[in-house]
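Everything on this sheet refers to the single structure shown next.
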Amino acid sequence: MSKLTASYLAGYLDGEGYFGIIPVYKKKSYTSKIKVASVDKEIIYWLKNSYGGNVWKRKFYDNSKDAYTWTLEGKNLLPFLEKIKPYLKIKRKQAELLIEKEKIKAKQHKYNKGERKGIVYPEKIKEKINYCYKEIRRLNHRGKFLYPERLSEKTPQGFKIIDGIKVAMR
């Protein structure tokens, strides 16, 4: 991937993309994903043909255009992220968390060869992966953040804090 392509993709994913860690089977394991949706079929299929992944088509039955979603996960995810990360502005922290999680997974794969039930993580590693999951959820949250330091403030008589906003009680 050239620097020009990497910077273009970083800008495109900063604006239209999703970087996430998704729990699988009752949070026993997690999978990392990059997604981008568009009504422009050409860009989505170019992403699939160039970098792998899957394409999903969502058909609408009114006058709306069909939407296409490109999803990248698995072995192609880490090399792709490492190429575009230097050019990301908005979603750089999410990309760093995905890279951290994928490197932990790759390191643990070396020690879990032959396991048919998947990767068995030690408790310390599970905590690191769980931290990545919670942090990426916080970064992807829409709306106002509820900061924990605001909850430690003393609430004046007749008021309570709801979703980080001081509300008068009657």
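Every number here is computed from the coordinates shown, using simple stated rules; none is lab data. The shown structure was predicted, so the numbers you read here are calculated from the model rather than taken from an experiment. Note that each Cβ is placed from the backbone with ideal geometry, even for glycine, and that neighbours are counted across all protein chains shown.
Separation between the E16 and I90 pseudo-spin-labels, each 7 Å from Cα along Cα→Cβ, expressed in nm?
Inter-label distance under the simple model: 1.2 nm.
Could you give the length gained on full extension between K103 and K65, defined as 0.36 nm per residue of separation minus the Cα-Cα distance, in nm?
Using 0.36 nm per residue and subtracting the Cα-Cα distance, I get 9.8 nm.
On full extension of the chain, what length is gained from N140 through Y8, given 0.36 nm per residue of separation minus the C-alpha to C-alpha distance?
45.4 nm
Can you give the net charge of the other residues whose Cβ lies under 12 Å from the Cβ of K75, counting K and R as +1 and D and E as -1?
-1
Could you work out Rg/(2.2 N^0.38 Å) for the range 1-85, with Rg from alpha carbons only?
1.17
Quick query: amide H of Y30 versus all other amide H atoms, modeled in the peptide plane; which residues come in under 5 Å with a sequence gap of 5 or more or a different chain?
The answer is V24.
Work out Dmax and Rg for the range 3-143 from the C-alpha atoms and quote the Rg first, both in angstrom.
Computed over the Cα atoms of the range 3-143, radius of gyration and Dmax are 16.3, 53 Å.
Would you tally the net charge around K128, using a Cβ to Cβ cut-off of less than 9 Å, leaving K128 out, and scoring K and R as +1, D and E as -1?
+1
Multiplying the sequence separation of I125 and N54 by 0.36 nm and subtracting their Cα-Cα distance, what value in nm do you get?
Here the answer is 22.7 nm.
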